[in-house]
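The values are calculated or read from the model by the stated rules, or taken from the named source; none is laboratory data. Keep in mind the model is a prediction, meaning the values are calculated, not measured. Heads up, the Cβs are rebuilt from the backbone with ideal geometry, glycines too, and the neighbour counts pull from every protein chain shown.
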Amino acid sequence: MYWNQEIECLPRNELEKLKLRRLKETVFRIYSFVPSYQAKMDKAGISPGDIRTLEDISKLPFTTKQDLRDNYPFGLFTVPMSDVVRIHSSSGTTGKPTVVGYSRRDIDGWADLMARALICAGATRYSVVQNAYGYGLFTGGLGVHYGAEKIGASVIPSSGGNTKRQIMMMQDFGTTVLTCTPSYAMYMHEVLSEMGISPSDLKLKSGIFGAEPWSEDMRRQLEEKWGIDAYDIYGLSEMMGPGVAIECPEKVGLHIFEDHFIAEIIDPETEEVLPLGEKGELVLTTVNKEALPIIRYRTRDLTSLIAEPCPCGRTHVRMNKVLGRSDDMVIIRGVNVFPSQVESVLLNIENVEPYYLLVVERKNNLDELEVWVEVSEKAFSDEIRKLERLEKQISKELESSLGVYAKVKLVEPKSLQRSEGKAKRVEDRRVL
Amino acid sequence: MVKQISIFLENKAGRLANVTRVLGENQINIRALSIADTSDFGILRLIVNEPEKAYEVLKRDGFTVSETEVIAVEVPDSPGGLATVLDIMGEASINIEYLYAFIGKATDDALVIFKVENPERAMEAFESKGIVVLDSSKVYRL
């Protein structure tokens, strides 16, 4: 099932041609309308006319989150505000918020991409889509909403939070597709169990989960617990929002909609473009955005591209599930550790739930990683040594998977923060 | 056998107070208690007058609770009293997981709560040597 078969299955050579034409236009527009990017290009000694092939993209300077902050709020927009019909913004918890804007055409294009994504993940006009991504300044809620309406599904704009009411609606309204973060889906299942409701009492068929990295093991758990198909969706507000890439029923990688976004993988240290298939940082360029086109955006997301054609028929390149964000990554005594690795280890140990927190401290100039894990009802014993044995087992398996020792600390169930949006997995207490 | 309630407690201020408050509010009386702890967490073990109710109310309040069967033995409250009982267990090769003791109000004897690997065999050994194993109803009413 496709939303727009012609474009989604466009032969590669035609897709490349389309990408190049749109890239040239985008570079020209940005050079003409964004003084700060023009200055960057001039400094690099490159002009729009130097972009002749798709490979030439690597000559262009990168754009980072800092660039958006430096040009706060509207400095990177290429249309007058009278043509901007929507503004979204990050919460700005780690600095100045990053603000993004959309023209009418951008909003339509976004809805079209989300429509493709939803259909790709099995939704139809007969679906009842419960959209539990946050509505508001966050792009998740409205982004999914417009796409779901576009395919003609019945949308429940439930937004995040009020979990019992979410479940009540799921039951009463016959929700078939749930859209939210994977961590919220886990939490919702916990509440579902507490309410004594079985997933088989629901009509839920699939979940479209994104906005944070999640592992294959997490997929298995979500699919088993809910009895659904779980699809990964990828997006970021700087590019647009959700709908940049989506998994198809093959569930091997996410198709990046290349008629809108050009993907590169770079070495985050040297900033060199890596050959197809190698692991590195995803860099994205918008080639079909009007109000806020962005060139070579450093996403900080670590993944790799899949060269092989997909059996689903879509010709657009796939990216592997994001392994982690380079800013979620913690470096412990020189070893890179991602929360998703810890998650995978926990999900493979019996009676352990994937509620955890990585706490990093520096003691005597040495990094120490502590992993807090909630003790589950099933794992609890009245004997200390059994609990200590569990701690040791988790610690041992973490060490063999992460390559670094982690002290495991069992904490009380439900004591770690439950998220209704993006989960917090790392607490870095190091004072550097 | 006697039902013991065990509760997982993080080493955080106020956790023990929370448990006892919940029990108090539900009119549950603690008969005996012990805490085993590591640097991170502890296990609170309780003998109460109404174990089923205690289990329910604690669980409802979000605590991690389990029920364990333990043996309550009457031990003479005099020097060497506990040694006699432990010798019997040693002879019968019964491994003790843990134990704790308290002095009852009603009798002149002390009470010892045992968690052992093989409770049936322990009961037999005690009974054959004339050691009084207390009935659960009696323990709850102490």
Those residues that are within 14 Å of another protein chain (Cβ to nearest Cβ) and of a type in the set (A, V, I, L, M), I need them from region A:401-432; list them, please. A:ALA406, A:VAL408, A:LEU410, A:VAL411, A:LEU416
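Yes/no per residue for (1) in a helix (DSSP H, G or I); (2) more than 12 Å from chain A (Cβ to nearest Cβ); (3) not basic (Lys, Arg):
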site: B:GLY62; (1), (2), (3): no, no, yes
site: B:PRO79; (1), (2), (3): no, yes, yes
site: B:LEU82; (1), (2), (3): yes, yes, yes
site: B:LEU86; (1), (2), (3): yes, yes, yes
site: B:MET89; (1), (2), (3): yes, yes, yes
site: B:ALA125; (1), (2), (3): yes, yes, yes
Considering each residue of region B:20-45, count those that are under 22 Å from B:LEU111 (Cβ atoms) and in contact with a helix residue (DSSP H, G or I) (Cβ under 7 Å, 6 or more places away or on another chain), and give that number. 7
For region B:31-45, does any single residue satisfy the condition of being away from chain A (no Cβ under 14 Å), under 24 Å from A:ALA379 (Cβ atoms) and part of a strand (DSSP E or B)? no
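Does B:LEU23 count as free of Cβ contacts under 8 Å to residues at least 60 places away in the same chain and at the interface with chain A (Cβ under 10 Å from one of its Cβ atoms)? Break it down stepwise before answering.
Values: free of Cβ contacts under 8 Å to residues at least 60 places away in the same chain: yes; at the interface with chain A (Cβ under 10 Å from one of its Cβ atoms): no.
Against the criterion (free of Cβ contacts under 8 Å to residues at least 60 places away in the same chain and at the interface with chain A (Cβ under 10 Å from one of its Cβ atoms)), B:LEU23 does not qualify.
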Can you tell me which residue within region B:1-19, out of those that are among the aliphatic types (A, V, I, L, M) and in contact with a helix residue (DSSP H, G or I) (Cβ under 8 Å, 6 or more places away or on another chain), is nearest to the other protein chains (Cβ to nearest Cβ)? B:LEU9
Restricting to region A:345-366, give me the number of residues that are surrounded by 18 or more Cβ atoms within 10 Å (Cβ to Cβ) and more than 14 Å from chain B (Cβ to nearest Cβ). 6
Of all residues in region A:367-382, count the ones that are within 14 Å of chain B (Cβ to nearest Cβ), out of contact with any Asp or Glu (no Cβ under 6 Å at 6 or more places or on another chain) and without any contact (Cβ under 8 Å) to a residue 40 or more places away in the chain. 10
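Quick grid of which residues meet (1) part of a strand (DSSP E or B); (2) farther than 30 Å from A:LYS251 by Cβ; (3) not assigned by TED's automatic domain parsing to the domain that holds A:THR179:
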residue	(1), (2), (3)
A:SER58	no, yes, no
A:ARG69	no, yes, no
A:TYR72	no, yes, no
A:LEU76	no, yes, no
A:ILE87	yes, yes, no
A:VAL100	yes, no, no
A:ASP108	no, no, no
A:ARG116	no, no, no
A:TYR126	no, no, no
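Quick one: would you say A:GLY280 is crowded, with 17+ Cβ neighbours inside 10 Å, under 28 Å from A:TRP3 (Cα atoms) and not hydroxyl-bearing (Ser, Thr, Tyr)? Step through it out loud before you land on a result.
Numbers: crowded, with 17+ Cβ neighbours inside 10 Å: yes; under 28 Å from A:TRP3 (Cα atoms): no; not hydroxyl-bearing (Ser, Thr, Tyr): yes.
So A:GLY280 fails the test.
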Could you list all residues from region A:99-140 that are more than 30 Å from A:LEU202 (Cβ to Cβ) and β-branched (Val, Ile, Thr)? A:VAL99, A:VAL100, A:ILE107
Selection over region A:54-68 where residues are surrounded by 18 or more Cβ atoms within 10 Å (Cβ to Cβ) and of a type outside the set (S, T, N, Q) yields a count of 5
